[in-house]
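Q: Can you keep this structure in mind? I'll have questions shortly.
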Amino acid sequence: MQERLHKGESLQVTYDTNDFAHEVIARCQTLARFSEAPGSIRRTFLSEPMRECHREIAGWVSPLGVTARVDAAGNLRMLYPGALSGAPRLMMGSHLDTVPDAGAYDGVLGVVLPLALLGALGGRRFPFAIEVVGFSEEEGVRFGTPFIGSRALVGSLDEDVIERRDTQGISIRKAIENFGLDPAGIPQAAIGEDVLGYLEFHIEQGPVLEKAHQSLGVVVAIAGQSRLEFTFSGHANHAGTTPMNLRHDALAGAAEWICAVESYAQTAPGLVATVGAIHAKPGATNVIAGDARVSLDVRQRDDKTRAVAVDYLVQLAEDIATRRSLKVKSSVLLNQRAVPMDHFLVSQIEKAITSVAGEPYRMVSGAGHDAMIRAAKVPAAMIFLRTPGGISHDPAESVEVDDVAKAIDSGLQLLQQLASSSEFRRKTGHA
Ligand SMILES: [Zn+2]
């Protein structure tokens, strides 16, 4: 076993990173057992398995002198005190909920890994406290609305949102009450002015780091997203009696456009565009489709470039429809701005990774994360871990022990850097 001994100027702690890395992976596997679905991983907002998950994690942090509590939005909150009482907080965390038939690491890794950092500190305190948060909800599975936990923390979990119901007719409010929590306490779950920043470790959930032979990535921005729906309309008619030159086939028009979307995105740097859903009406083998409803998802780091791309793809749909004597209507379902990560934290992460794992790999996250919501209120940054095979949201999701070890080393280095940085020293009153 390779032993890394971390000897910082002021962090006189020795530890075996590989032991911690193995423990992180084992703990993610342990939490994977708390599931609503026998034989697979599924853990949604404030379900009973989520309660078991909280209980298990609380047992892990108690020997560190850390008490775990659950706030009114169901987030698991664990405060590792600073050197002085009332010290400002650095937050770290990710989500504990999962998609159906999930893997063991999406979200969970970002809760368990910071606990390893606390363990490796061996009781050492910083001028700031460290609060590790296991968010109650990020995936949007149970209520069709994502980031419930994160939104509560930034004070944007509005009244109308908590009245949303799941398929059983249970509202978010009721789910909170059923868990034994008081929804009236949600405003108190919000963070105040004493939060210095938010740091999230997360698996990349894509193939980029693996392709680049990199363990870790520094996220510089979370891509903006447009989601639209297009309906191509023609005339439904008999598949046997309507000659090819007299058809107004909505599905063929949509198909031509789908291929054009793909070709366009292949030549547009940094842009991804996807048509992931299609619904043809009437949807029968022997009937020419009269209507074809298709989705469009466009993501880019730069909001202007994304807007230009969306305009172009809408125009392309209209051109194809006109040429085929079809009609097309489009509507925008989501227009979410790109979220840049905090410059200072990104540069500190780069420095930390450089000192333990070599050249840092800068990248844009194509997926939304809790850090995106947090960035509205506090400086936020993310570290991605290589995802073998790029496989995620799947039971085959995995991480490499060595990558986890590098993430732990980088995290400890980062904490030490932050503690001695003039930026944090000023904010913690140690200037
Ligand atoms: Zn996630």
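The values are calculated or read from the model by the stated rules, or taken from the named source; none is laboratory data. Given the structure is predicted, the values throughout are model-derived calculations rather than measurements. Every residue, glycine as well, gets a Cβ built from its backbone with ideal geometry; the counts of neighbours run over all protein chains shown. With ligands, DNA and RNA removed, areas are computed over all heavy atoms of the protein, side chains included. Shrake-Rupley method; radii C 1.70, N 1.55, O 1.52, S 1.80 Å.
Q: Each residue of the range 376-381 in order: what ³J(HN,Hα) in whole Hz does its phi give by Karplus 6.51 cos²θ - 1.76 cosθ + 1.60, θ = phi - 60°, with x for Gly and Pro?
A: Karplus-based 3J(HN,Hα) across the range 376-381 equals 5, 10, 9, x, 10, 8 Hz.
Q: Which loop chymotrypsin sites (Phe, Trp or Tyr not before Pro) in the range 195-269, with loop taken from DSSP, have no more than 15 other Cβ atoms within 10 angstrom of their Cβ?
A: Answer in residue order: no site qualifies.
Q: Using the Kirkwood radius over C-alpha pairs as Rh, can you work out the diffusion coefficient of the range 129-178 via Stokes-Einstein at 37 °C, viscosity 0.692 mPa s, in µm² per second?
A: 287
Q: Return the FRET efficiency for the residue pair H235, R362: r is the Cβ-Cβ distance, R0 is 51 Å, and the value is rounded to the nearest 0.05.
A: Efficiency, rounded to the nearest 0.05: 0.50.
Q: So, one more: Compute the angle between helix 48-61 and the longest alpha-carbon principal axis of the chain, please, reported from 0 to 90 degrees and rounded to the nearest 10.
A: Helix 48-61 sits roughly 30 degrees off the main axis of the chain.
Q: Cβ neighbours within 10 Å, averaged per peptide: list 28-39, 117-128 in order, most packed at the top. Intermediate results must be reported in sequence, preceding the final value.
A: Numbers: 28-39: 15.8, 117-128: 18.7.
The packing order, highest mean first, is 117-128, 28-39.
Q: Hey, another quick one. Give the angle, between 0 and 90 degrees and rounded to the nearest 10, that separates the Cα long axis of helix 401-420 from the longest principal axis of the Cα atoms of the chain.
A: Approximately 60 degrees, to the nearest 10.
Q: A follow-up question, please. Connecting C-alpha atoms closer than 10 Å in a GNM of the chain, tell me which of Y105, Y15, Y80 has the biggest fluctuation.
A: Maximum fluctuation in the GNM of the chain, among the listed residues, is at Y15.
Q: For the pair T67 and Q315, what calculated FRET efficiency results from E = 1/(1 + (r/R0)^6), where r is the Cβ-Cβ distance and R0 = 56 Å, to the nearest 0.05?
A: Once the sixth-power term is evaluated, E becomes 0.45.
Q: Right, another one. List the residues whose amide H sits under 5 Å from the amide H of V272, counting only those 5 or more places along or on another chain, with H placed 1.01 Å from N in the peptide plane.
A: R299
Q: Okay, next question. Provide the per residue accessible area, probe 1.4 Å, for the range 215-337, rounded to a whole number of square angstrom.
A: Result: 54 Å² of accessible area for each residue.
Q: Applying the Karplus parametrisation 6.51 cos²θ - 1.76 cosθ + 1.60 with θ = phi - 60° to the phi angles of the range 383-389, what ³J(HN,Hα) value in whole Hz is obtained for each residue in order, glycine and proline being reported as x?
A: Once θ is set to phi - 60°, the couplings for the range 383-389 become 10, 9, 10, 3, 10, x, x Hz.
Q: A follow-up question, please. Relative to 2.2 N^0.38 Å, what does the C-alpha radius of gyration of the range 32-149 come to as a ratio? Two decimals please.
A: Dividing the Cα radius of gyration by 2.2 N^0.38 Å gives 1.07.
Q: On the accessible surface of the chain, probed at 1.4 Å, how many percent belong to carbon and sulfur atoms?
A: It is 50 percent, rounded to a whole number.
Q: Once you put a point 7 Å from the Cα of V332 and another 7 Å from the Cα of D19, both along the Cβ direction, what distance in nm separates them?
A: Here the modelled spin labels are 5.5 nm apart.
Q: Pop out the ³J(HN,Hα) list for the range 215-231 in order, Karplus 6.51 cos²θ - 1.76 cosθ + 1.60 with θ = phi - 60°, rounded to Hz; leave Gly and Pro as x.
A: Each residue's phi maps through the Karplus curve to give 7, 10, x, 9, 7, 8, 7, 9, 4, x, 9, 10, 10, 10, 10, 10, 10 Hz.
Q: Could you work out how much longer the chain between L246 and T285 gets when fully extended? Use 0.36 nm per residue separation minus the Cα distance between them, nm to one decimal.
A: Going from the current span to full extension adds 12.2 nm.
Q: Let me ask another. Highest GNM mean-square fluctuation, the chain, Cα pairs closer than 10 Å: which of N237, N286, N335?
A: With Cα springs under 10 Å in the chain, the top fluctuation among N237, N286, N335 is at N286.
Q: Give the accessible surface of the range 55-188 per residue, rounded to a whole number of Å², with probe radius 1.4 Å and ligands, DNA and RNA excluded.
A: Spelled out: the 1.4 Å probe surface of the range 55-188, per residue, equals 35 Å².
Q: While we're looking at this one, here's another question. Note the per residue figure in Å³ for the convex hull of the C-alpha positions in the chain.
A: Dividing the Cα hull volume of the chain by its residues yields 157 Å³.
Q: Taking the 0 to 90 degree range and rounding to the nearest ten, how far is the long axis of helix 250-267 tilted relative to the main principal axis of the chain, both from C-alpha atoms?
A: Its long axis makes an angle of about 40 degrees.
Q: Starting from the Kirkwood Rh over alpha-carbon pairs, what translational D in µm² s⁻¹ does the range 261-313 have by Stokes-Einstein at 4 °C and 1.567 mPa s? Let's see the in-between values first.
A: Working: Rh = 12.6 Å.
So the translational diffusion coefficient is about 103 µm²/s.
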